[in-house]
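Asks: After the C-alpha coordinates below, expect a handful of questions from me.
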(Lines give C-alpha, C1' and ligand atoms only; values in the text may rest on other atoms or scores of the structure.)
Protein backbone atom coordinates (compact mmCIF):
# COMPACT_ATOMS: atom_id res chain seq x y z
CA UNK A 1 0.00 0.00 0.00
CA UNK A 2 1.33 3.43 -0.94
CA UNK A 3 1.58 6.06 1.74
CA UNK A 4 1.09 9.79 1.02
CA UNK A 5 4.34 11.79 0.93
CA UNK A 6 5.34 13.91 3.87
CA UNK A 7 4.53 17.53 3.04
CA UNK A 8 6.32 19.49 5.71
CA UNK A 9 5.44 20.26 9.32
CA UNK A 10 1.82 19.75 10.33
CA UNK A 11 -0.31 18.76 13.24
CA UNK A 12 -2.62 15.80 13.56
CA UNK A 13 -6.08 16.40 12.20
CA UNK A 14 -8.65 17.29 14.81
CA UNK A 15 -11.61 19.60 15.13
CA UNK A 16 -10.20 23.07 15.90
CA UNK A 17 -11.39 25.03 18.89
CA UNK A 18 -13.02 28.22 17.59
CA UNK A 19 -13.84 29.60 21.07
CA UNK A 20 -17.56 29.60 20.28
CA UNK A 21 -17.17 32.24 17.59
CA UNK A 22 -20.06 32.56 15.10
CA UNK A 23 -19.42 32.20 11.35
CA UNK A 24 -17.47 35.29 10.30
CA UNK A 25 -14.78 36.47 7.95
CA UNK A 26 -13.44 39.39 9.97
CA UNK A 27 -10.37 41.48 9.28
CA UNK A 28 -7.82 38.88 10.37
CA UNK A 29 -8.77 35.89 8.20
CA UNK A 30 -7.75 34.96 4.67
CA UNK A 31 -9.17 31.93 2.89
CA UNK A 32 -9.06 30.37 -0.56
CA UNK A 33 -6.16 28.61 -2.24
CA UNK A 34 -4.76 31.54 -4.27
CA UNK A 35 -5.12 34.09 -1.47
CA UNK A 36 -3.56 31.79 1.13
CA UNK A 37 -0.76 30.74 -1.22
CA UNK A 38 0.16 34.37 -1.95
CA UNK A 39 0.17 35.16 1.77
CA UNK A 40 2.42 32.17 2.49
CA UNK A 41 4.84 33.31 -0.20
CA UNK A 42 4.88 36.91 1.06
CA UNK A 43 7.70 37.26 3.62
CA UNK A 44 6.16 40.51 4.90
CA UNK A 45 2.92 38.77 5.89
CA UNK A 46 2.83 37.61 9.53
CA UNK A 47 0.68 34.50 9.91
CA UNK A 48 -0.53 33.37 13.31
CA UNK A 49 -2.44 30.18 12.42
CA UNK A 50 -2.84 28.02 9.31
CA UNK A 51 -5.66 25.51 8.83
CA UNK A 52 -5.71 23.14 5.83
CA UNK A 53 -7.70 20.19 4.61
CA UNK A 54 -5.77 17.30 3.10
CA UNK A 55 -6.61 18.47 -0.42
CA UNK A 56 -5.55 22.06 0.29
CA UNK A 57 -2.31 20.81 1.85
CA UNK A 58 -1.51 19.00 -1.39
CA UNK A 59 -2.32 22.04 -3.55
CA UNK A 60 -0.19 24.31 -1.36
CA UNK A 61 2.77 21.95 -1.19
CA UNK A 62 5.22 24.41 -2.80
CA UNK A 63 4.20 27.36 -0.61
CA UNK A 64 4.43 25.21 2.52
CA UNK A 65 7.93 24.12 1.54
CA UNK A 66 8.96 27.78 1.19
CA UNK A 67 7.32 29.08 4.38
CA UNK A 68 7.98 26.11 6.72
CA UNK A 69 4.92 27.03 8.77
CA UNK A 70 3.25 24.41 10.94
CA UNK A 71 -0.41 23.92 10.13
CA UNK A 72 -3.43 22.22 11.61
CA UNK A 73 -5.27 19.67 9.50
CA UNK A 74 -9.03 20.19 9.45
CA UNK A 75 -12.09 18.94 7.61
CA UNK A 76 -14.11 21.13 5.22
CA UNK A 77 -16.99 21.14 7.72
CA UNK A 78 -14.66 22.67 10.34
CA UNK A 79 -14.02 25.67 8.08
CA UNK A 80 -17.71 25.82 7.17
CA UNK A 81 -18.44 26.21 10.85
CA UNK A 82 -15.91 29.05 11.18
CA UNK A 83 -16.72 30.92 7.96
CA UNK A 84 -20.27 29.92 7.09
CA UNK A 85 -21.46 27.29 4.63
CA UNK A 86 -21.73 29.79 1.74
CA UNK A 87 -18.03 30.71 1.90
CA UNK A 88 -15.85 29.19 -0.82
CA UNK A 89 -12.78 28.56 1.34
CA UNK A 90 -11.31 25.69 -0.75
CA UNK A 91 -10.06 24.06 2.42
CA UNK A 92 -7.53 26.77 3.33
CA UNK A 93 -7.71 29.37 6.11
CA UNK A 94 -5.10 31.54 7.81
CA UNK A 95 -5.23 33.98 10.70
CA UNK A 96 -3.07 36.95 9.74
CA UNK A 97 -1.68 40.26 10.91
CA UNK A 98 -2.12 43.37 8.72
CA UNK A 99 0.62 44.25 6.27
CA UNK A 100 2.66 47.42 6.88
CA UNK A 101 0.85 50.40 5.38
CA UNK A 102 2.58 52.64 2.84
CA UNK A 103 2.34 56.41 3.13
CA UNK A 104 0.96 58.57 0.36
CA UNK A 105 4.52 59.74 -0.22
CA UNK A 106 5.56 56.11 -0.70
CA UNK A 107 2.85 55.62 -3.33
CA UNK A 108 3.74 58.86 -5.11
CA UNK A 109 7.35 57.72 -5.30
CA UNK A 110 6.34 54.31 -6.67
CA UNK A 111 3.90 55.96 -9.02
CA UNK A 112 6.27 57.51 -11.53
CA UNK A 113 4.44 56.44 -14.68
CA UNK A 114 2.16 54.07 -12.74
CA UNK A 115 -1.28 55.20 -11.57
CA UNK A 116 -2.47 55.17 -7.98
CA UNK A 117 -6.02 53.84 -7.61
CA UNK A 118 -8.21 55.77 -5.16
CA UNK A 119 -11.61 54.44 -4.04
CA UNK A 120 -14.28 56.79 -2.74
CA UNK A 121 -16.34 54.63 -0.35
CA UNK A 122 -16.48 51.50 -2.51
CA UNK A 123 -17.79 49.10 0.12
CA UNK A 124 -18.36 45.83 -1.74
CA UNK A 125 -15.40 43.53 -0.89
CA UNK A 126 -15.77 41.61 -4.15
CA UNK A 127 -15.47 44.83 -6.17
CA UNK A 128 -12.45 46.00 -4.19
CA UNK A 129 -10.85 42.58 -4.52
CA UNK A 130 -11.38 42.61 -8.28
CA UNK A 131 -9.91 46.14 -8.47
CA UNK A 132 -6.84 44.96 -6.55
CA UNK A 133 -6.42 42.11 -8.99
CA UNK A 134 -6.56 44.51 -11.96
CA UNK A 135 -4.13 46.83 -10.15
CA UNK A 136 -1.67 43.95 -9.84
CA UNK A 137 -2.14 42.82 -13.46
CA UNK A 138 -1.70 46.29 -14.97
CA UNK A 139 1.06 47.50 -12.65
CA UNK A 140 -0.66 50.15 -10.53
CA UNK A 141 1.47 51.84 -7.87
CA UNK A 142 -1.01 51.12 -5.10
CA UNK A 143 -4.49 51.60 -3.72
CA UNK A 144 -5.89 54.28 -1.42
CA UNK A 145 -9.09 53.77 0.62
CA UNK A 146 -10.68 55.37 3.66
CA UNK A 147 -10.44 53.54 6.98
CA UNK A 148 -14.20 53.80 7.34
CA UNK A 149 -16.69 52.87 4.62
CA UNK A 150 -14.23 50.37 3.11
CA UNK A 151 -14.20 46.56 3.46
CA UNK A 152 -11.58 44.79 5.62
CA UNK A 153 -8.33 43.86 3.90
CA UNK A 154 -9.03 40.17 4.40
CA UNK A 155 -11.92 37.75 4.01
CA UNK A 156 -14.02 38.05 0.86
CA UNK A 157 -11.86 40.91 -0.43
CA UNK A 158 -8.68 38.82 -0.25
CA UNK A 159 -10.44 35.85 -1.86
CA UNK A 160 -11.71 38.04 -4.74
CA UNK A 161 -8.25 39.59 -5.15
CA UNK A 162 -6.86 36.09 -5.75
CA UNK A 163 -3.49 36.92 -4.17
CA UNK A 164 -3.21 40.53 -5.35
CA UNK A 165 -3.58 41.82 -1.78
CA UNK A 166 -0.03 40.63 -1.16
CA UNK A 167 1.36 42.54 -4.16
CA UNK A 168 -0.45 45.91 -4.26
CA UNK A 169 0.38 48.40 -1.46
CA UNK A 170 -2.77 49.69 0.24
CA UNK A 171 -2.87 53.00 2.12
CA UNK A 172 -5.80 53.65 4.46
CA UNK A 173 -6.64 57.31 5.14
CA UNK A 174 -9.01 59.11 7.49
CA UNK A 175 -10.17 61.80 5.06
CA UNK A 176 -10.19 61.22 1.31
CA UNK A 177 -10.32 64.87 0.20
CA UNK A 178 -7.37 65.65 2.45
CA UNK A 179 -5.48 62.67 1.04
CA UNK A 180 -6.13 63.83 -2.52
CA UNK A 181 -4.87 67.28 -1.62
CA UNK A 182 -1.72 65.72 -0.17
CA UNK A 183 -1.21 63.75 -3.39
CA UNK A 184 -1.54 67.00 -5.37
CA UNK A 185 1.19 68.52 -3.21
CA UNK A 186 3.33 65.51 -4.19
CA UNK A 187 2.84 66.43 -7.89
CA UNK A 188 0.25 63.72 -8.52
CA UNK A 189 -2.56 64.67 -10.94
CA UNK A 190 -6.01 63.63 -9.69
CA UNK A 191 -8.27 62.17 -12.39
CA UNK A 192 -11.82 61.28 -11.37
CA UNK A 193 -13.86 58.72 -13.32
CA UNK A 194 -17.32 60.17 -13.75
CA UNK A 195 -19.96 58.93 -16.18
CA UNK A 196 -21.28 62.49 -16.61
CA UNK A 197 -17.91 64.09 -17.37
CA UNK A 198 -17.57 65.76 -20.79
CA UNK A 199 -14.04 64.46 -21.49
CA UNK A 200 -13.30 60.89 -22.58
CA UNK A 201 -10.65 58.95 -20.70
CA UNK A 202 -9.44 57.48 -23.99
CA UNK A 203 -8.42 60.97 -25.16
CA UNK A 204 -6.54 61.83 -21.96
CA UNK A 205 -2.92 62.97 -22.21
CA UNK A 206 -1.77 60.70 -19.40
CA UNK A 207 0.39 62.54 -16.86
CA UNK A 208 3.49 60.86 -15.49
CA UNK A 209 2.18 60.90 -11.92
CA UNK A 210 -1.55 60.41 -11.54
CA UNK A 211 -4.27 59.00 -9.33
CA UNK A 212 -7.44 57.44 -10.75
CA UNK A 213 -10.39 58.06 -8.45
CA UNK A 214 -13.45 55.80 -8.61
CA UNK A 215 -16.67 56.12 -6.66
CA UNK A 216 -19.25 53.67 -5.39
CA UNK A 217 -21.72 52.19 -7.84
CA UNK A 218 -24.87 54.24 -8.23
CA UNK A 219 -23.71 57.24 -6.22
CA UNK A 220 -20.36 57.67 -7.93
CA UNK A 221 -17.91 60.27 -6.66
CA UNK A 222 -19.03 62.38 -3.73
CA UNK A 223 -19.32 66.11 -4.28
CA UNK A 224 -16.18 67.07 -2.34
CA UNK A 225 -14.21 64.35 -4.11
CA UNK A 226 -15.34 65.67 -7.52
CA UNK A 227 -14.35 69.18 -6.54
CA UNK A 228 -10.90 68.02 -5.44
CA UNK A 229 -10.13 66.28 -8.74
CA UNK A 230 -7.95 68.13 -11.26
CA UNK A 231 -10.00 66.63 -14.06
CA UNK A 232 -12.94 64.30 -14.52
CA UNK A 233 -13.25 61.85 -17.41
CA UNK A 234 -15.69 59.21 -18.57
CA UNK A 235 -15.12 55.90 -20.29
CA UNK A 236 -16.58 55.95 -23.81
CA UNK A 237 -19.62 53.69 -24.20
CA UNK A 238 -21.71 52.95 -27.29
CA UNK A 239 -24.14 50.22 -26.24
CA UNK A 240 -27.71 50.39 -24.92
CA UNK A 241 -26.40 50.56 -21.33
CA UNK A 242 -24.25 53.50 -20.28
CA UNK A 243 -22.85 52.36 -16.94
CA UNK A 244 -20.49 49.54 -15.95
CA UNK A 245 -19.43 47.89 -12.73
CA UNK A 246 -16.81 49.88 -10.79
CA UNK A 247 -14.31 47.02 -10.94
CA UNK A 248 -14.74 46.81 -14.73
CA UNK A 249 -14.25 50.57 -14.99
CA UNK A 250 -11.04 50.27 -12.97
CA UNK A 251 -9.77 47.48 -15.23
CA UNK A 252 -10.44 49.53 -18.37
CA UNK A 253 -8.80 52.65 -16.94
CA UNK A 254 -5.74 50.74 -15.72
CA UNK A 255 -5.38 49.03 -19.09
CA UNK A 256 -5.51 52.38 -20.89
CA UNK A 257 -2.84 53.71 -18.53
CA UNK A 258 -0.66 50.65 -19.17
CA UNK A 259 -1.02 51.07 -22.94
CA UNK A 260 -0.08 54.75 -22.63
CA UNK A 261 3.01 53.82 -20.58
CA UNK A 262 4.11 51.26 -23.15
CA UNK A 263 3.86 53.81 -25.95
CA UNK A 264 1.83 51.39 -28.05
CA UNK A 265 -1.40 53.37 -27.98
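Asks: Being at pLDDT 95 or above and touching a strand residue (DSSP E or B) at 6+ places or on another chain (Cβ under 7 Å) is the filter here, so list the residues in the range 80-95 that pass it.
Replies: 89, 91, 92, 93, 94, 95
Asks: Could you tell me whether the range 212-227 includes any residue that is in a loop (DSSP other than H, G, I, E, B) and in contact with a strand residue (DSSP E or B) (Cβ under 8 Å, 6 or more places away or on another chain)?
Replies: Yes: one or more hits.
Asks: Touching a helix residue (DSSP H, G or I) at 6+ places or on another chain (Cβ under 7 Å) and either assigned by TED's automatic domain parsing to the domain that holds residue 132 or closer than 20 Å to residue 127 by Cβ (or both): which single residue out of 219, 234, 178 fits that description?
Replies: Of 219, 234, 178, the one residue that is touching a helix residue (DSSP H, G or I) at 6+ places or on another chain (Cβ under 7 Å) and either assigned by TED's automatic domain parsing to the domain that holds residue 132 or closer than 20 Å to residue 127 by Cβ (or both) is 234.
Asks: Answer yes if at least one residue in the range 15-36 is over 18 Å from residue 83 (Cα atoms) and either modelled with pLDDT under 95 or not assigned by TED's automatic domain parsing to the domain that holds residue 161 (or both), and no otherwise.
Replies: No, every residue in the range 15-36 fails to be over 18 Å from residue 83 (Cα atoms) and either modelled with pLDDT under 95 or not assigned by TED's automatic domain parsing to the domain that holds residue 161 (or both).
Asks: Continuing with the same structure: Being modelled with pLDDT under 95 and in a loop (DSSP other than H, G, I, E, B) is the filter; apply it to the range 57-69 and report the residue that is farthest from residue 153 (Cα to Cα).
Replies: Once the filter is applied, the top-ranked residue is 68.
Asks: So which residues in the range 127-145 are more than 25 Å from residue 83 (Cβ to Cβ) and in a strand (DSSP E or B), if there are any at all?
Replies: Correct list: 142, 144.
Asks: How many of the residues in the range 153-174 are part of a loop (DSSP other than H, G, I, E, B), touching a residue at least 40 places away in the same chain (Cβ under 8 Å) and touching a strand residue (DSSP E or B) at 6+ places or on another chain (Cβ under 9 Å)?
Replies: 3
Asks: Tally the residues that are under 24 Å from the mean Cα position of the chain (by Cα) and in a loop (DSSP other than H, G, I, E, B), restricting the search to the range 70-99.
Replies: 11
Asks: Before we move on, is residue 66 within 27 Å of residue 169 (Cα to Cα) and in the same structural domain as residue 154 (by TED's automatic domain parsing)?
Replies: No, not satisfied.
Asks: Could you list all residues from the range 41-56 that are buried (at least 20 other Cβ atoms within 10 Å of the Cβ) and either assigned to a helix (DSSP H, G or I) or free of Cβ contacts under 8 Å to residues at least 24 places away in the same chain (or both)?
Replies: Residue satisfying the conditions is 56 alone.
Asks: When the range 73-86 is examined, which residues are found to be surrounded by fewer than 20 Cβ atoms within 10 Å (Cβ to Cβ) and over 16 Å from residue 57 (Cβ atoms)?
Replies: Of everything in the range 73-86, those that are surrounded by fewer than 20 Cβ atoms within 10 Å (Cβ to Cβ) and over 16 Å from residue 57 (Cβ atoms) turn out to be 77, 80, 81, 84, 85, 86.
Asks: If a residue has to be surrounded by 21 or more Cβ atoms within 10 Å (Cβ to Cβ), part of a helix (DSSP H, G or I) and in contact with a strand residue (DSSP E or B) (Cβ under 9 Å, 6 or more places away or on another chain) to count, how many in the range 105-126 make the cut?
Replies: Number satisfying all stated conditions: 2.
Asks: Mind listing just one residue for me: the one in the range 231-253 that is surrounded by 15 or more Cβ atoms within 10 Å (Cβ to Cβ) and in a loop (DSSP other than H, G, I, E, B) and, of those, farthest from the chain's Cα centre (by Cα)?
Replies: The qualifying residue farthest from the chain's Cα centre (by Cα) is 235.
The values are calculated or read from the model by the stated rules, or taken from the named source; none is laboratory data. Since the structure is predicted, the reported quantities are computational estimates derived from the model, not experimental observations. As a convention, Cβ positions derive from the backbone with ideal geometry for all residues, glycine included, and neighbour counts pool all protein chains shown.
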